[in-house]
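Peer 1: Supplied in structure tokens, the structure appears directly below.
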Amino acid sequence: VQLQASGGGLVQPGGSLRLSCAASGSIFSNSIMGWYRQVPGKQRELVATTSPSGSTNYADSVKGRFTISRDTAKNTAYLQMNSLKPEDTAVYYCNANFRHTYRAMYWGQGTLVTVSS
């Protein structure tokens with residue numbers, strides 16, 4: 001299983017970035033896709049998830065600023081991040097919570113988001 005994350009970078013406070021996570025089709029269609037983030041010395045935390053039905057869930061800290069979505073034609077999940085703050089700086093990880101004939105958690109490589117002036 002391969003999850004390919006991309007889209008991180010350096011952005012000024014108030015700016016925007018979009019992260020992408022591409023997955024294999026069989027995994028994507030049967031997974032709750034999510035984004036987590038981690039800063040050094042802290043636990044990895046949930047940012048947002050989207051289910052195969054399209055329902056979404058967000059951490060309180062990003063509600064109203066971040067939007068998670070999924071494109072079934074491209075087997076890709078996105079995280080649109082607007083009004084970025086310095087405290088959003090972290091390594092962001094894509095996750096596939098696979099639920100079908102078996103359950104498994106898959107992780108992509110992290111992508112660094114730095115919010116700084």
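The values are calculated or read from the model by the stated rules, or taken from the named source; none is laboratory data. Everything numeric in this text was worked out from a predicted model, so none of it was measured. Note that each Cβ is placed from the backbone with ideal geometry, even for glycine, and that neighbours are counted across all protein chains shown. Side chains included, ligands, DNA and RNA excluded: accessible areas come from the protein's heavy atoms. Shrake-Rupley method; radii C 1.70, N 1.55, O 1.52, S 1.80 Å.
Peer 1: Somewhere in the range 62-78, is a residue β-branched (V, I, T), assigned to a loop (DSSP other than H, G, I, E, B) and at pLDDT 95 or above? Please lay out each step first, then the result.
Peer 2: Of all residues in the range 62-78, those β-branched (V, I, T) come to 62, 67-68, 72, 76.
Keeping just the survivors that are assigned to a loop (DSSP other than H, G, I, E, B) gives 62, 72.
Remaining after also requiring at pLDDT 95 or above: 62.
Within the range 62-78 (the criterion being β-branched (V, I, T), assigned to a loop (DSSP other than H, G, I, E, B) and at pLDDT 95 or above), the answer is yes, since at least one residue qualifies.
Peer 1: Can I ask one more? Name the pairs whose Cβ atoms lie under 6 Å apart, with the first residue in the range 75-100 and under 16 Å from Y58 (Cβ atoms), the second polar (S, T, N, Q) and surrounded by 19 or more Cβ atoms within 10 Å (Cβ to Cβ), and 6 or more positions between them or separate chains?
Peer 2: As it stands, the answer is Y92/T111; N97/S31, since those pairs meet every condition given.
Peer 1: Condition first: open to solvent by 10 Å² or more (accessible area, probe 1.4 Å) and out of contact with any Lys or Arg (no Cβ under 8 Å at 6 or more places or on another chain). Now tell me which residues in the range 4-13 satisfy that. Before the answer, list the steps.
Peer 2: Initially, the range 4-13 is screened for residues open to solvent by 10 Å² or more (accessible area, probe 1.4 Å), giving 4, 6-13.
Once the filter is applied, which keeps residues that are open to solvent by 10 Å² or more (accessible area, probe 1.4 Å) and out of contact with any Lys or Arg (no Cβ under 8 Å at 6 or more places or on another chain), the range 4-13 yields Q4, S6, G8, G9, L10, V11, Q12.
Peer 1: Sticking with this one: Please enumerate the residues belonging to the range 1-57 that are closer than 24 Å to T114 by Cβ and of a type in the set (S, T, N, Q).
Peer 2: Residues satisfying the conditions are Q4, S6, Q12, S16, S20, Q38, Q43, T49.
Peer 1: Go through (1) open to solvent by 20 Å² or more (accessible area, probe 1.4 Å); (2) within 12 Å of the chain's Cα centre (by Cα) and name the single condition M105 misses.
Peer 2: All conditions are met except number (2).
Peer 1: Between residues in the range 6-30 that are touching a residue at least 60 places away in the same chain (Cβ under 8 Å) and more than 16 Å from R103 (Cα to Cα) and residues that are among the charged types (D, E, K, R) and surrounded by fewer than 16 Cβ atoms within 10 Å (Cβ to Cβ), which pairs lie under 8 Å by C-beta distance while being six or more apart or on different chains?
Peer 2: G7/R18; P13/K85
Peer 1: On to the next question. Mind checking which residues of the range 19-61 are open to solvent by less than 60 Å² (accessible area, probe 1.4 Å) and basic (K, R)?
Peer 2: R37
Peer 1: Right, another one. Applying the selection to the range 31-56, what residues are polar (S, T, N, Q), without any contact (Cβ under 8 Å) to a residue 24 or more places away in the chain and either under 22 Å from Y102 (Cβ atoms) or assigned to a loop (DSSP other than H, G, I, E, B) (or both)?
Peer 2: Keep residues of the range 31-56 that are polar (S, T, N, Q), which gives 31, 38, 43, 49-51, 53, 55-56.
Applying the additional criterion that residues be without any contact (Cβ under 8 Å) to a residue 24 or more places away in the chain yields 43, 51, 53, 55-56.
Once the filter is applied, which keeps residues that are polar (S, T, N, Q), without any contact (Cβ under 8 Å) to a residue 24 or more places away in the chain and either under 22 Å from Y102 (Cβ atoms) or assigned to a loop (DSSP other than H, G, I, E, B) (or both), the range 31-56 yields Q43, S51, S53, S55.
Peer 1: Scanning the range 62-102 for residues that are exposed (fewer than 13 other Cβ atoms within 10 Å of the Cβ) and among the hydroxyl-bearing types (S, T, Y), which turns out nearest to G15 (Cα to Cα)?
Peer 2: T72
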